[in-house]
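The values are calculated or read from the model by the stated rules, or taken from the named source; none is laboratory data. All values derive from a computational prediction rather than experimental measurement. Cβ sites come from the backbone with ideal geometry, for glycine too, and all protein chains shown count toward neighbours.
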Amino acid sequence: MERRVRVRFAPSPTGPLHIGGVRTALYNYLFAKKHGGDCLLRIEDTDQNRFVPGAEDYILESLSWVGIRFDEGPHVGGPHAPYRQSERKPMYREYAEQLLASGHAYYAFDTPEELEAMRERLKAGSMPAQYDAVSRMSMNNSLTLPADEVQRRLENGDPYVVRIKLPRKEEVRFHDAIRGWVVVNTSQMDDKVLFKSDGMPTYHLANVVDDYLMQISHVIRGEEWLPSAPLHVMLYRYFGWEDVMPVFAHLPLLLKPEGNGKLSKRDGDRLGFPVFPLEWKDPASAEVSSGYRETGYSPEAVVNMLALLGWHPSFNRELFTMEELIEAFSLEKVSKSGAKFDLDKALWFNHHYLMERDPVAIAEELLPIAQSAGFDPDLTYLSAVVSLMREKVNFPKEIIRDGSYFFRDPEVYDQGALAKKWKPETPEFMRKLADTYAQADELTPANAETMFKEQCEAAGQSAGQWMQLLRLAVSGAAAGPPVYEMIALLGQEKSVQRLRVAAEKMKP
Ligand code: GLU
C-alpha cells in the first residue's frame, strides 16, 4: 500500500525565519498538497539556550502571510499533539533508554575540559577531532568505566550525556530524492550526543523520534542538514524503524546574487533587499531588519519567486499561482546546485502581481500611507491613481511617492526637463490651453488630447514639441503616466488651475 504523504516543517525558534526557511516550508507544503497529503508544523525548541521570545509567533505569521496552511501544528492541534518539542520532553527519555539497553548508545561523563583536551590531542596527531569508536576508548564513559562506577556516578547525580555508539568502519548509505545515493563511512562520523542528564534530548534524537511518531513520509529540508542525515539513518536502524524511514530530500542552498556563498542578512543590507519575510525587531538589541511584507512585496510574488529558486519547471515557465505550483511541483525538478538570489527577478515578480491585483484593494492598503504623507484622497480617486500609476512602479508605496502630484499641486517644476524644453511663448500657450479646457463640457483623455493637438497645430508646431511642457505644467514632473489620462483624472478644475499657475510660475 502506498504510504500517505506526511511532511513537516520543523523550525527552531531561535530568531526570525530566514527567507530560505520560507522556501523550505513552501516546498514541503507544495509536495504535501500535490500528493493529497498532510503538512505539519513542528517547533523544535529543545535548545533552551537559543530560545528567542517572539520567534515562534514570527514563524507562524510569516508562513500564514505567504499562504501556507498547516494541517497539524501547535496552533491548530492534531492527532500527534503536542507539536512543540519542549512540551514533548517526557517522551524522549524512553527512546534514549531503549538504545542504551540494546547497546547502541552509552553514557559519557567527560567534562568540557576533558573533551577539549581530547580534541587538541587528536588534532596534534592529525586525526579527525571526533568522539568516535577509537577516541571513546580513552574517555570516561560506560564503555571504559567499570559497571559499578557507572552506576555510582548515575546514582550520585553526576552530569552525563547519552551518545550513540557507531561502528568503527561501516558504510552508511541512503537515497536522497534530490542528490541520489549518499554514502558516508562511520569512520567520518561522531558519536553524537542524543540525550542529556537534564532530561532534554538533542536535536538529533528528538527530530528522529518525532518524525517516526508523527509518521512522516518525506523529510524535505535544507542542505545544511545533509551531514546529519547518515546519523539519522543509523538511528532508524538502531530503533528498528528502517521500514518506515522517511525519504530524504535535501534542498539546495539559497546563494548570494554573485553565487559565492549562502545568502546572508548582510547581503540583503548591502544590496537593498530583505532576507526575512516580515520585519523583525531583535528583542535583545532592538535592531530592526526589513521584511518582504513591509517593503511592499505581495505574498503571491514572494511565493512565485521562492518556488523558482531551486526548482525548475518544464518549458521554463515562470508565472505560477499557489494552486498552479501545487499542480506542477515535483522533487525531481529540484536542482542539486545552489540557487542564486536575483533582485531584479524579485522586483519583476512583484510588478507582475501588482498589475494583477484589484486596484481597489491596493488603494485600501495605500490609504494610510497616503494619509501619513499628508494627503486625504477618497478611495475611488486613489483606486484610479493606482490603475494609472502601477505600470511604472514595483511597489504600491511608490505610487504615492512618485505620484504626489495627484494629491497636491506641484510646488516646483523639474528643472532639467524645463531647461531643455522651455520656450518664451510657453506662458501664453498654457494660458490659452487653460481657457480651452475650461470651456469644454467635460475633460476626457480623448478631448484633452484633441484640444491640445489643435492648439499645437494652430501654432504651426508639433505636439511633440509641447508634450513634455504640458506634463510639467500639470504635474511638475518630467515623467509619469499617459499625460491625457492624468489630466482627465485630475479633473477639469484642477487641470485648468494648474495650467494657469504654470503660465505664471513655470520658468527655467
Ligand atoms: N530544527 C531544524 C531546523 O531548525 C530542523 C531540521 C530538519 O528539518 O530536520 O532547521
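For the reader, a short list of remarks on this structure follows.
- Any hit, region 458-467, residues being crowded, with 18+ Cβ neighbours inside 10 Å and farther than 27 Å from Thr380 by Cα: yes
- Close pairs from region 34-47: first within 19 Å of Ser330 (Cα to Cα) and within 16 Å of the ligand (Cβ to nearest atom), partner assigned to a loop (DSSP other than H, G, I, E, B) and of a type in the set (Ser, Thr, Tyr), Cβ under 8 Å, at least 6 apart: Leu40/Tyr83
- Number of positions in region 183-213 that are without any contact (Cβ under 8 Å) to a residue 40 or more places away in the chain, within 12 Å of the ligand (Cβ to nearest atom) and farther than 16 Å from Trp241 by Cβ: 0
- Any hit, region 481-489, residues being of a type in the set (Gly, Ala, Ser) and within 23 Å of Glu398 (Cα to Cα): yes
- Screening the candidates Phe341, Phe375, Phe407 for the property of being under 28 Å from Met305 (Cα atoms) and either in contact with a strand residue (DSSP E or B) (Cβ under 9 Å, 6 or more places away or on another chain) or among the aromatic types (Phe, Trp, Tyr) (or both) yields one hit, Phe341.
- Filtered by the rule that a residue be of a type in the set (Gly, Ala, Ser), part of a loop (DSSP other than H, G, I, E, B) and within 20 Å of Asn185 (Cβ to Cβ), region 101-159 gives Gly125, Ser126, Ala129, Ala133.
- Failed item in (1) touching a helix residue (DSSP H, G or I) at 6+ places or on another chain (Cβ under 8 Å); (2) at pLDDT 95 or above; (3) not in a helix (DSSP H, G or I), with Ala81 passing the rest: (1)
- So Leu443, is it closer than 30 Å to Ile369 by Cα, at pLDDT 95 or above, touching a Ser or Thr at 6+ places or on another chain (Cβ under 7 Å) and crowded, with 20+ Cβ neighbours inside 10 Å: yes
- Test: residue in region 78-99 that is touching a Lys or Arg at 6+ places or on another chain (Cβ under 6 Å), buried (at least 21 other Cβ atoms within 10 Å of the Cβ), in contact (Cβ under 8 Å) with a residue 24 or more places away in the chain and closer than 28 Å to Leu331 by Cα: yes
- Subset tally (residues that are part of a helix (DSSP H, G or I) and crowded, with 17+ Cβ neighbours inside 10 Å) for region 414-426: 4
- Filter result for Glu242 (free of Cβ contacts under 8 Å to residues at least 24 places away in the same chain and within 18 Å of Val302 (Cβ to Cβ)): no
- For the residues Arg153, Arg221, Arg173, the requirement of being crowded, with 19+ Cβ neighbours inside 10 Å and either away from the ligand (no atom under 15 Å from the Cβ) or under 35 Å from the mean Cα position of the chain (by Cα) (or both) singles out Arg221.
- One residue alone among Ile59, Ile68 is within 14 Å of the ligand (Cβ to nearest atom) and at pLDDT 95 or above, and that residue is Ile59.
- Residue ID - nearest to the ligand (Cβ to nearest atom), chosen from residues in region 224-258 that are among the hydroxyl-bearing types (Ser, Thr, Tyr) and more than 18 Å from Glu44 (Cα to Cα): Tyr236
- Screening region 246-365 for helices (runs of 4 or more DSSP H) wholly inside it with 1 or more residues that are over 19 Å from the mean Cα position of the chain (by Cα) and not β-branched (Val, Ile, Thr) returns the ranges 322-328, 343-356.
- Failed item, numbered, when Phe406 is tested on (1) among the hydrophobic types (A, V, I, L, M, F, W, C); (2) surrounded by fewer than 18 Cβ atoms within 10 Å (Cβ to Cβ); (3) within 41 Å of the chain's Cα centre (by Cα): (2)
- Looking at Val52, Val22, just one residue is more than 21 Å from Leu213 (Cβ to Cβ), within 14 Å of the ligand (Cβ to nearest atom) and under 15 Å from the mean Cα position of the chain (by Cα), and that residue is Val22.
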